[in-house]
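Here is the structure we will look at.
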There are 2 protein chains.
Amino acid sequence: MEEVKLPTFESVFSIDCVIFGFEAGELKILLIERNEEPFKDWLALPGYMVEQDESIDDAAERILYELTGLRDLHMQQFYTFGEVNRHPQGRVITVAYYALIRINGQKELRPVTQFARKAIWHPVNELPKLAFDHSEIFKTGFNKIRRRLNYQPIAFELLPEKFTLTQLQSLYEAVENKKLDKRNFRKKMLSFGFLKELDEKQKGVSYRAAKLYKFDRRKYAKIFHNDMNLG
Amino acid sequence: MEEVKLPTFESVFSIDCVIFGFEAGELKILLIERNEEPFKDWLALPGYMVEQDESIDDAAERILYELTGLRDLHMQQFYTFGEVNRHPQGRVITVAYYALIRINGQKELRPVTQFARKAIWHPVNELPKLAFDHSEIFKTGFNKIRRRLNYQPIAFELLPEKFTLTQLQSLYEAVENKKLDKRNFRKKMLSFGFLKELDEKQKGVSYRAAKLYKFDRRKYAKIFHNDMNLG
DNA sequence: AATATACTGTGTGAAAATTACACTACTAAA
DNA sequence: TTTAGTAGTGTAATTTTCACACAGTATATT
């Protein structure tokens, strides 16, 4: 980082977002390329300051939109980072949020402020060093969703609306970073009863097309008041 | 609440603590009686502002000590509350922490600031309305430890160092609010292998004394890298 | 010393869940 | 029509969970 004189400020709150996506069998997160000091040109989590008159949940939505152009995802707070010197310009306590979304080739990622030069999807495996303590924030968030995957229906937010069981399995394998047994996985998933088999098949593959399924949110809610146990 | 003119302030961070204790088969939390506006004379969670030059973890320790006289407990952050109007005097975002401790009859609870008149243990079942949004904070914290009880060895922080299996069971029953089967509970607990049977028995009971056990932190760490599954 | 009281400590069988494991069926492309 | 590549399926062994009841023992009471 260059030596530049920067203004300092008193206590402020900020938000940082860890947004997961799944594409080509690979788990990715959304990063921005910073266009301002400090850490100009570095990759960072989308994050910015909370305004006086907005709740932190609202701030998270706004900030993500401004830095990446993404809207209307259900973000969820997961941890607050409050070390004294985590930000070089002053005291900044940041509340970290995560969300999981379908990566949508056509939906363009376009920051609406100058603060981010661009937003990109980056595989979680080969992450470079990120600005501030963002590497740590990412790691904490990844552990969080890794655990939540097994008792909350978050996998379906990462997949297209219609998906094959193999896609679902490969998502679990990517997050848990281990191979699962195909027959056992399918048996268990279907036994929950919240997957709806469609009268449709996968298109555009050069081999036997698989059946498509949908996640049935209503059935899920009926069956589980809270948890599913994929332990 | 009375109509009093109060100063306002800009953004500040605060900490609120949800401290659980277990006594006489009952789960309790630590509350203070406020001695200052707003919510003077109300019961509240121990909580106060974070200073400029302390991390939030440090602040949590300091604040708990100042308001209750308690020290050296391992608190853990669990959620951050950031609604705009949660505090009548200005914008206050609060990071909530929990801890579980042995209630120790002889250890006196004595606030070291005038801000709290006194600190008391209150059963979690019949909680009155608390100051600010503290009822909500408590509820969130209680749900958190209810879940964590099943995959982290937190129960042992609430019990005396030497405890009987029946005491352990009644703690689980209090937190989960349901009866458990004695034989199955003991079988499963012992099967983990981290309870050390002592050559000692319960004292001062007017019936057959039960064996005492200790939680063996070293064995626990060896056996579980992370989790135990009491599902 | 006998008796009442109150909790401790223990085992088994049935049911359910988890695991390991391998081949045929199908589709598209060559 | 052949090839390449994934889809889709069942069973048996093992492990885990669950339901369930009574004799043993320390103390207090008479």
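Read-outs: derived from the displayed coordinates by stated rules, not from any lab. Please read all numbers here as calculations on a predicted model, not as lab measurements. All Cβ positions, glycine included, derive from the backbone under ideal geometry; neighbour counts span all protein chains shown.
Other chains near A:49-62: what is the mean number of their Cβ atoms within 10 Å of each residue's Cβ?
Numbers: counts 1, 5, 3, 5, 3, 4, 7, 6, 2, 3, 1, 1, 0, 0.
The per-residue average across the peptide is 3.
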- [ ] Calculate one ³J(HN,Hα) per residue across region A:59-69 by plugging θ = phi - 60° into the Karplus curve 6.51 cos²θ - 1.76 cosθ + 1.60, and present them in order as whole Hz with x for glycine and proline.
- [x] 4, 4, 4, 4, 5, 4, 4, 5, 8, 9, x
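Would you mind computing the Rg to Rh ratio of region A:9-148 from its alpha-carbon coordinates, Kirkwood style for Rh?
Details: Rg = 14.0 Å, Rh = 15.0 Å.
Across region A:9-148, the Cα-based Rg/Rh ratio is 0.93.
Taking the highest mean first, how do the peptides B:62-70, B:157-165 order by number of other beta carbon atoms within 10 angstrom per residue?
Details: B:62-70: 20.3, B:157-165: 17.7.
With the highest mean Cβ count within 10 Å placed first, the list reads B:62-70, B:157-165.
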Task: Computed [θ] at 222 nm, deg cm²/dmol, chain B (DSSP H ≥ 4; -39,500 (n - 2.57); rounded to nearest 500) - done: -8000 deg cm²/dmol
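What ranking do B:92, A:205 get, fewest neighbouring Cβ atoms within 10 angstrom at the top? Provide the component values of the computation, followed by the final result.
Numbers: B:92 21, A:205 10.
If I rank by nearby Cβ atoms, fewest first, I get A:205, B:92.
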- [ ] Sort the protein assembly as shown into rounded, prolate or oblate with this rule: let a ≥ b ≥ c be the square roots of the eigenvalues of the Cα gyration tensor; rounded if a/c is under 1.5, and if a/c is not under 1.5, prolate when a/b is larger than b/c, oblate otherwise.
- [x] oblate
- [ ] Per residue of B:82-91, count partner chain C-beta atoms within 10 Å of its C-beta, then hand back the mean as an integer.
- [x] 4
- [ ] Please name which of B:56, B:109, B:82 has its Cα lying farthest along the dipole of chain B towards the positive end, using unit charges on Cβ (Lys, Arg +1; Asp, Glu -1) and the Cα centre as origin.
- [x] B:109
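Count the net charge of all other residues whose Cβ sits under 15 Å from the Cβ of residue A:16, scoring Lys and Arg as +1 and Asp and Glu as -1.
Numbers: positive: A:34, A:62, A:86, A:139, A:144; negative: A:57, A:61, A:66, A:83, A:133, A:136.
Residues near residue A:16 contribute -1 overall.
So how do B:207, A:220, B:98 line up by other beta-carbon neighbours within 10 Å, fewest first?
Details: B:207 6, A:220 16, B:98 26.
Ascending Cβ contact count within 10 Å gives the list B:207, A:220, B:98.
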Open item on the list: Among the listed pairs B:144/B:178; B:139/B:187; B:139/B:188, which have their C-alpha atoms separated by more than 25 angstrom in this model?
Closed with: B:139/B:187; B:139/B:188
